[in-house]
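S.K.: Got a structure for you, questions after.
The values are calculated or read from the model by the stated rules, or taken from the named source; none is laboratory data. If you're wondering where the values come from, they're calculated on a predicted model, not measured in any experiment. Cβ placement follows ideal geometry from the backbone for every residue including glycine, while neighbour counts extend to all protein chains displayed.
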Amino acid sequence: MSGFTPYAEALPVNNKSGKKFSRAEVAKHNKPGDLWCIIDTAVYDLSKFADLHPGGANVLHDKTVAGCDSTEVFFGLHRSSVLDKYQRLIIGQIENEKPLIIVPQVATLSPVPYAEPAWLSKGYHSPYYNDSHRKLQKEMRYFFDTHVTREAQMHELNNKRPTVELIKLMGTPRWHLNAMRLGPGKHLKGLTLPGGLKGEEFDYFHELIITQEISRIGSRGYSDGLLGGMVIGLPPVMNFANPELKKKVVPAVLSGEKHISLAISEAFAGSDVAGLRCTATKSADGKYWTINGTKKWITNGHWSDYFTVGCKTDKGLTVFLVERDDNVDTKLISTSYSTSAGTAYITFDNVKVPSENMLGPENKGLLVILANFNHERWVMCCGAARGARFVTEECFKWAHQRKVFGKPLIEQPVIRAKFADMFSRCESGQAWLEHITYQMKNMTYLEQNNHLAGQIGILKAQLTRNLHHIADNAVQIFGGRGITKGGMGVHIEGFQRTYKFELPPGRESEYHG
């Protein structure tokens, strides 16, 4: 471990002036009103900025900063994104020296040990992945690094939903991301997917890659806002709606023109879906149904145009596709993560729904609801496994940057023991996930139902327990920064506050075990 060179995510060097300075010359500018410093060979003029410094001018007047190479001090307190904001302060570079900070490029693999799954790590082999998976992974890494990550981190804080422009971009023929997130199926037939992949060749490992690349953005609420509702709300329409309804709804949702969510959970019934109280009453002529009731914790519900709704009917449960109208009211619910997820409380007040909008047989809605549970839980497992790895990477970088008692934090035996535990959880969880994914790839839908429901449920329980342990270790490693919004520990704080979101969705782990 001690041989690893720490780095910040991306250290910008923008020496527009082209000036070169000696270290001795920089050292002369070490007082208020005439204050320079060096960060990884870049020379910054902080003379006018000092009084504007959020931490106060005294921090910059310190003898370890003023006129000095403050690279170590800076990265002990800040993420490199801070430098993005202040490139205008760069006045030159140290002569005859090159930056030492490793600068990873956009859409490349991380050099940090265990930061990537084994199949993406140098020197390792896997029986599960081929060239098509590697090509798709590169395309997805590029897409999320260039189009999503910055917006995600901003919107996680300001609570804004993913932009309409981004959602529509995901639905374009160049990317087909919205369609791919629904997994293998007829909806991909005839399409050419990123990396030149044919839609007919798309498998569950391709889908796993997409889900895990999404998890790398480190913004849990926004990630759900990025059409998490579609992933679970559209399959019942695709699998159980009549042809006319499919033709109307599916293309509009996949293109990003319309949004859909799955409305099952209520304040009265969460995991106990058989106890739903939202009712649907058939008209005397059988042409329509009237829906009354409420739904709670509905991902993307606040801005959805369509709702896949589970209702109590005469002799069981029935599922309907409900189109938003004036009798459908949605209110945002404030939860532990960002409201960029659009989590909503929904009220249906005498909503008239055509009988043609019934999904599946009357009173057989439980089968419709359960039909997608395996896939829904598996998707959550993909995200949980990658989320744990993302946070572990953040901790590993920090442990090399942070100095305590005169040496890097990583040299403390207790910290190294924590990493051994975190690495083992990441690796074992990914290995089990890939084993189950391979079974899904080679089983029919009925075989999956017969053999994998228990496996996927137990895997989800295990991975969510892993998140608990990793969150605990992460906060211990980051200390106060791990519970502070913003700064070096921004991802740790967000993770320890939101990792529990992997538990209740798809039913709680107590029911899986």
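S.K.: Just wondering, is there one or more residues in the range 252-259 that are of a type in the set (S, T, Y) and under 16 Å from the mean Cα position of the chain (by Cα)? Write out each step before concluding.
M.R.: Of all residues in the range 252-259, those of a type in the set (S, T, Y) come to 255.
Subsequent filtering for residues that are under 16 Å from the mean Cα position of the chain (by Cα) retains none.
The answer is no; no qualifying residue exists.
S.K.: Any idea which of T313, T290, T318 is touching a Pro at 6+ places or on another chain (Cβ under 9 Å) and at pLDDT 95 or above?
M.R.: Working: T313 fails: touching a Pro at 6+ places or on another chain (Cβ under 9 Å); T290 fails: touching a Pro at 6+ places or on another chain (Cβ under 9 Å).
Of T313, T290, T318, the one residue that is touching a Pro at 6+ places or on another chain (Cβ under 9 Å) and at pLDDT 95 or above is T318.
S.K.: Okay, moving on. Could you list all residues from the range 189-222 that are hydroxyl-bearing (S, T, Y) and farther than 21 Å from Y128 by Cα?
M.R.: So in the range 189-222, the residues hydroxyl-bearing (S, T, Y) come out as 192, 204, 211, 215, 219, 222.
Those that are hydroxyl-bearing (S, T, Y) and farther than 21 Å from Y128 by Cα: T192, S219, Y222.
S.K.: Would you check if L89 is closer than 30 Å to Y337 by Cα and in contact with an Asp or Glu (Cβ under 8 Å, 6 or more places away or on another chain)?
M.R.: Working: closer than 30 Å to Y337 by Cα: no; in contact with an Asp or Glu (Cβ under 8 Å, 6 or more places away or on another chain): yes.
Considered against the rule, which asks whether it is closer than 30 Å to Y337 by Cα and in contact with an Asp or Glu (Cβ under 8 Å, 6 or more places away or on another chain), L89 comes out as no.
S.K.: Give the range 61-95 a look and list any residue that's in a loop (DSSP other than H, G, I, E, B) and either in contact (Cβ under 8 Å) with a residue 40 or more places away in the chain or assigned by TED's automatic domain parsing to the domain that holds V404 (or both), or say none. Show your work before the answer.
M.R.: Going residue by residue through the range 61-95, those that are in a loop (DSSP other than H, G, I, E, B) are 62-68, 70, 76-80, 86, 95.
Listed by number, the residues that qualify are G67, C68, G76, L77, H78, R79, S80, Y86, E95.
S.K.: A further question follows. Determine whether the range 153-161 contains at least one residue that is surrounded by fewer than 21 Cβ atoms within 10 Å (Cβ to Cβ), within 17 Å of the chain's Cα centre (by Cα) and within 20 Å of Q105 (Cβ to Cβ).
M.R.: Among the residues of the range 153-161, at least one is surrounded by fewer than 21 Cβ atoms within 10 Å (Cβ to Cβ), within 17 Å of the chain's Cα centre (by Cα) and within 20 Å of Q105 (Cβ to Cβ), which makes the answer yes.
S.K.: Please work out which one of (1) of a type outside the set (F, W, Y); (2) touching a strand residue (DSSP E or B) at 6+ places or on another chain (Cβ under 6 Å); (3) on the phi < 0 side of the Ramachandran plot is the condition G67 fails and give its number.
M.R.: It is condition (3) that G67 fails.
S.K.: All but one of (1) under 21 Å from E25 (Cβ atoms); (2) without any contact (Cβ under 8 Å) to a residue 60 or more places away in the chain; (3) of a type in the set (A, V, I, L, M, F, W, C) hold for A107; which doesn't?
M.R.: (1)
S.K.: Residues in the range 19-57 that are among the aliphatic types (A, V, I, L, M) and farther than 17 Å from V82 by Cα: how many? Please lay out each step first, then the result.
M.R.: Taking the range 19-57 as the starting set, the residues that turn out to be among the aliphatic types (A, V, I, L, M) are 24, 26-27, 35, 38-39, 42-43, 46, 50, 52, 57.
Those still in the list that are farther than 17 Å from V82 by Cα too: 24, 26-27, 35.
Adding up the residues that qualify gives 4.
S.K.: Of the residues that sit in the range 111-152 and are under 28 Å from V82 (Cα atoms) and hydrophobic (A, V, I, L, M, F, W, C), which one is surrounded by the most Cβ atoms within 10 Å (Cβ to Cβ)?
M.R.: Step one: list which residues in the range 111-152 are under 28 Å from V82 (Cα atoms), which gives 111-116, 138-152.
Going one step further and asking which of them are hydrophobic (A, V, I, L, M, F, W, C), we end up with 112, 115, 140, 143-144, 148, 152.
Working: V112: 19, A115: 20, M140: 24, F143: 21, F144: 20, V148: 23, A152: 26.
It comes out as A152.
Here is a yes/no grid of residues against (1) crowded, with 21+ Cβ neighbours inside 10 Å; (2) among the polar types (S, T, N, Q); (3) assigned to a helix (DSSP H, G or I); (4) at positive phi:
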site	(1), (2), (3), (4)
Y345	no, no, no, no
N350	no, yes, no, yes
R389	yes, no, yes, no
V414	no, no, yes, no
F419	no, no, yes, no
E427	no, no, yes, no
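S.K.: Does the range 171-219 hold any residues that are among the basic types (K, R) and touching a Pro at 6+ places or on another chain (Cβ under 8 Å), and which are they?
M.R.: Step one: list which residues in the range 171-219 are among the basic types (K, R), which gives 174, 181, 186, 189, 198, 216.
Result: R174, single match.
S.K.: Just the residues that are among the polar types (S, T, N, Q) and over 18 Å from the mean Cα position of the chain (by Cα), please, taken from the range 162-178. Give the steps one after another, and end with the answer.
M.R.: Our first condition is that a residue be among the polar types (S, T, N, Q); within the range 162-178, this holds for 163, 172, 178.
Passing the criteria: only T172.
S.K.: Looking at (1) more than 20 Å from P236 (Cα to Cα); (2) among the small types (G, A, S); (3) out of contact with any helix residue (DSSP H, G or I) (no Cβ under 7 Å at 6 or more places or on another chain), which is the one condition that is false for S336?
M.R.: The number of the failed condition is (3).
S.K.: Can you list residue pairs whose Cβ atoms sit under 6 Å apart, with the first residue in the range 148-164 being over 15 Å from S334 (Cα atoms) and the second being crowded, with 17+ Cβ neighbours inside 10 Å and among the aliphatic types (A, V, I, L, M)? Count only pairs 6 or more apart in sequence or on different chains.
M.R.: From the range 148-164, the pairs are V148/I217; T149/I217; A152/I217; P162/L226.
S.K.: Give the range 302-323 a look and list any residue that's farther than 16 Å from W289 by Cβ and surrounded by 17 or more Cβ atoms within 10 Å (Cβ to Cβ), or say none. Steps first, answer last, please.
M.R.: Here is the first cut: in the range 302-323, the residues farther than 16 Å from W289 by Cβ are 302-305.
Scanning the range 302-323 gives H302, W303, S304.
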